[in-house]
Amino acid sequence: MDRVDRLELEAFVAVAEELHFGRAAARMHRGQPAVSDAVRRLEATLGGRLFHRTSRRVSLTEVGEALLPDAHAALAQLRRFQQRGRSLAAGDRARTTLVVGHAEYTGHQLLLRCLPQLRDRFPDVTIVPEAMATTAQVTALRAQAIGLGIGWATGDVTGVRARVLSTERFVALVPAAHPLAGRAELSASELSTTGLLTWPHQINSGLCDRLLSAFRIGGADLRIIRTADSVHAIAAHVAAGTGIGITVESALDHQPPGLRIIPLTGPSTTADQVVLTPAEPSEAATALRDLLLDASAESSSTDH
């Protein structure tokens, strides 16, 4: 009987997030042929293509886009199984595990502030932070593969509880010498037809949809010429003159040298950062959710 192994799932996720077989291989510390073979085996097992491949670009098929959250959830479940197994094998039967999913571009400083408090309160709980797209978090929460997630508001959260941590503004990263660098705010129409750099849709589909809505409402053309899976990579491309970057305010932990940060103005130019829990969260997950909400409220009052 055909089966899916861990390497195939890891290769699928890496290529889906990098959209480049070479970068995926480097990230996995494996040769590119091994990654390509793993993806081909997975496609053969599933009976369908996961990627469109040309000599110039790689993109997800509809099947690949639909299966990516499930792949994330399956890998998270496997890591949880391994962590739990190691604890039991070591005789630590009272110890439980809380896997915390967090999407790229969310405010990691908030999580870093709360995790030590949670560890002090629940010393018998093993806390495992896991980078994971919001849609994958929702799938993993329904499957009980993770205990809590931090991501961006998305339409389909059936069976999952969502609480708003903060409302974040979209901002543009503009080279200091750019003609728009002196603006206090920018509208979508002012960025129409401009080459933009932002996050991949498969990493944060909710953010992409929200940004697209802002441009549609403004009657503007959203022209994304490059994506990057970290705000630091976006900033580097902006500094190199590739285009103007778009991100969310909370993702920036410092002022990038040589760049201006300019808020976007107009409808749909904000996005809600949310904390996600299953319908019946564990005691530790409930405590972390409350810590995050309190810390976010405290940060908001300090900023104002």
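Consider A153 carefully, then state whether it is in contact (Cβ under 8 Å) with a residue 12 or more places away in the chain and either in contact with a Ser or Thr (Cβ under 9 Å, 6 or more places away or on another chain) or of a type in the set (F, W, Y) (or both). Give the derivation first.
Values: in contact (Cβ under 8 Å) with a residue 12 or more places away in the chain: yes; either in contact with a Ser or Thr (Cβ under 9 Å, 6 or more places away or on another chain) or of a type in the set (F, W, Y) (or both): yes.
Spelling it out, A153 is indeed in contact (Cβ under 8 Å) with a residue 12 or more places away in the chain and either in contact with a Ser or Thr (Cβ under 9 Å, 6 or more places away or on another chain) or of a type in the set (F, W, Y) (or both).
Quick check on S213: is it without any contact (Cβ under 8 Å) to a residue 60 or more places away in the chain and within 29 Å of A71 (Cα to Cα)?
Criteria met by S213.
Being closer than 22 Å to L211 by Cα and at pLDDT 90 or above is the filter here, so list the residues in the range 152-164 that pass it.
At the first step, the residues of the range 152-164 found to be closer than 22 Å to L211 by Cα are 152-157, 162-164.
Those that are closer than 22 Å to L211 by Cα and at pLDDT 90 or above: A162, R163, V164.
What tally of residues in the range 245-263 results from selecting those that are modelled with pLDDT of 85 or more, surrounded by 15 or more Cβ atoms within 10 Å (Cβ to Cβ) and farther than 16 Å from R169 by Cα?
The total comes to 1.
I need a count of the residues in the range 151-164 that are closer than 17 Å to P278 by Cβ and aliphatic (A, V, I, L, M).
Final tally of qualifying residues: 3.
Inside the range 139-165, can you point out the residues that are surrounded by fewer than 22 Cβ atoms within 10 Å (Cβ to Cβ) and assigned to a strand (DSSP E or B)? Working first, answer last.
So in the range 139-165, the residues surrounded by fewer than 22 Cβ atoms within 10 Å (Cβ to Cβ) come out as 142-144, 153, 155-164.
V160, R161, A162, R163, V164, listed by residue number.
Give A14, A73 a once-over and let me know the one that is modelled with pLDDT under 85, touching a helix residue (DSSP H, G or I) at 6+ places or on another chain (Cβ under 9 Å), buried (at least 16 other Cβ atoms within 10 Å of the Cβ) and not basic (K, R). I'd like the intermediate steps shown before the answer.
Details: A14 fails: modelled with pLDDT under 85.
Among A14, A73, only A73 is modelled with pLDDT under 85, touching a helix residue (DSSP H, G or I) at 6+ places or on another chain (Cβ under 9 Å), buried (at least 16 other Cβ atoms within 10 Å of the Cβ) and not basic (K, R).
From S250, S282, which residue is among the small types (G, A, S), in contact (Cβ under 8 Å) with a residue 12 or more places away in the chain and assigned by TED's automatic domain parsing to the domain that holds E104?
Just a single option satisfies the conditions, and that option is S282.
Given A240, A184, A235, which one is within 17 Å of I262 (Cβ to Cβ), out of contact with any Phe, Trp or Tyr (no Cβ under 6 Å at 6 or more places or on another chain) and surrounded by fewer than 19 Cβ atoms within 10 Å (Cβ to Cβ)?
Values: A240 fails: within 17 Å of I262 (Cβ to Cβ); A235 fails: surrounded by fewer than 19 Cβ atoms within 10 Å (Cβ to Cβ).
After applying the criteria, what remains is A184.
Could you tell me whether the range 291-299 includes any residue that is surrounded by 15 or more Cβ atoms within 10 Å (Cβ to Cβ), assigned by TED's automatic domain parsing to the domain that holds T134, modelled with pLDDT of 90 or more and among the charged types (D, E, K, R)?
No, the range 291-299 has no match at all.
Mind checking whether some residue in the range 84-98 is β-branched (V, I, T), touching a Pro at 6+ places or on another chain (Cβ under 7 Å) and in a strand (DSSP E or B)?
no
Look through A34, A38, A25 and report the one residue that is closer than 22 Å to P200 by Cα and touching a helix residue (DSSP H, G or I) at 6+ places or on another chain (Cβ under 9 Å).
Exactly one of A34, A38, A25 is closer than 22 Å to P200 by Cα and touching a helix residue (DSSP H, G or I) at 6+ places or on another chain (Cβ under 9 Å), namely A25.
So the check is Cβ under 6 Å with 6+ separation or different chains; which pairs have a first residue in the range 216-227 that's within 11 Å of I244 (Cα to Cα) and of a type outside the set (V, I, T) and a second one that's modelled with pLDDT under 85 and in a loop (DSSP other than H, G, I, E, B)?
R223/T193
Looking only at strands (runs of 3 or more DSSP E) that lie completely in the range 185-304, which have at least 3 residues being farther than 24 Å from I150 by Cα?
Those strands (runs of 3 or more DSSP E) span 224-227, 259-265.
The values are calculated or read from the model by the stated rules, or taken from the named source; none is laboratory data. Given the structure is predicted, the values throughout are model-derived calculations rather than measurements. Here the Cβ is made from the backbone with ideal geometry for all residues, glycine too, and neighbour counts use every protein chain on show.
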